[in-house]
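Input: a single structure, listed below in structure tokens.
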Amino acid sequence: MKNFDIHRFGRVLKLDFFEGRKAMMWGALCMVLLYLFFFWFAHNIGFHHYNPNTPELKATYVYVICDSVGVFSAIAMYIFFLISACTLYRGEQKKQQRIAWLMLPASNLEKFLSRWIFLLVFSVVGGLLTFFVADVIHMAYLWMTDYPVQSATDDFFKIFPHTRTFPTGAYTGDSPLSVTKEYTFLIAVHAFYLLGGVFFKRFHFIAVSTVHVILFAGIVAIANMLGYRDTPFTTGEALALRCIIQITVNVGLIALFTWLAYRLFCRWQVVTHKFVNL
């Protein structure tokens, strides 16, 4: 059997989406309801003390709600991404489903890549597109209640790294290199949760998050001991060099975590430990 065949891979991908369609629908519904809850909470509890009795105050009221809901929704979406990554193989933890998955006439690479694509689509549909749905519903509510109609989408993306225009030669934390550094870090964390989902058999999110916090605290402690965080960077070139180093490390971690997840997946057996897939 070839390691990768496009026709066989297409059949595996179709099977993953057919069997995961209910999970996608429920995930999308839960995220829409969560986003709508954020809007409801902001209107009825978070900022209920506001008394917008003039057009100017109404506009400020809507802006504050959209800004706060956008931030909380973006955080919730990233947590959803991480939960989706570490529970990607939750169904295969049961013996019968694991046997059916291992006996599927396809290579490990095709199975792993197919499920990874399903994860990407599931995360985007469940986390990103559903916010647009909730935002449209909220704008319809603003229109029906005679408030200024404003979208929270810009505030939703405001929390993510993005570039800004500054005078030529001025270095800021929002430079393209800094944005790339932050995004590669987020992707590296996502890849780590994917690895944890393949490794752990139970309590995926709790177990992976615990390990993540311990490792992150250890890395920060080591960096402080070495004086890395206190190193003065007074020039744009020095700051850019640090960003390049961090980007390189993040990309290396993404490749390492993804490769380890695949290699561990290839070693799956029907009978494994109670808590880990070994």
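The values are calculated or read from the model by the stated rules, or taken from the named source; none is laboratory data. Bear in mind that the values here come from a model prediction, so they are computed numbers and not experimental data. When we count neighbours, we look across all protein chains shown, and the Cβ atoms used for this are built from the backbone with ideal geometry, even at glycine.
Does any residue in region 131-155 that is within 22 Å of M77 (Cα to Cα) come within less than 6 Å, Cβ to Cβ, of a residue that is part of a helix (DSSP H, G or I) and of a type in the set (D, E, K, R) six or more places away or on a different chain, and which pairs are these?
Listed pairs, sorted by first residue: S151/D135; A152/D135; T153/D135; D155/D67.
Given the criterion surrounded by fewer than 16 Cβ atoms within 10 Å (Cβ to Cβ), over 24 Å from F157 (Cα atoms) and at pLDDT 90 or above, identify the matching residue among M103, M144.
Details: M103 fails: at pLDDT 90 or above.
Sole residue among the options that is surrounded by fewer than 16 Cβ atoms within 10 Å (Cβ to Cβ), over 24 Å from F157 (Cα atoms) and at pLDDT 90 or above: M144.
Inspect all residues belonging to region 87-95 and state whether any of them is modelled with pLDDT of 90 or more and part of a helix (DSSP H, G or I).
No, because not a single residue in region 87-95 is modelled with pLDDT of 90 or more and part of a helix (DSSP H, G or I).
Name the residues in region 30-51 that are surrounded by fewer than 16 Cβ atoms within 10 Å (Cβ to Cβ) and of a type outside the set (V, I, T), would you?
Initial filter on region 30-51 (surrounded by fewer than 16 Cβ atoms within 10 Å (Cβ to Cβ)): 30, 33, 37, 40, 44-45, 47-51.
Answer for region 30-51, where residues must be surrounded by fewer than 16 Cβ atoms within 10 Å (Cβ to Cβ) and of a type outside the set (V, I, T): C30, L33, F37, W40, N44, F47, H48, H49, Y50, N51.
Scan region 85-103 and report the pairs whose first residue is under 14 Å from H204 (Cβ atoms) and whose second residue is in a loop (DSSP other than H, G, I, E, B), with Cβ atoms within less than 7 Å and a gap of 6+ or a chain change.
Q93/K201
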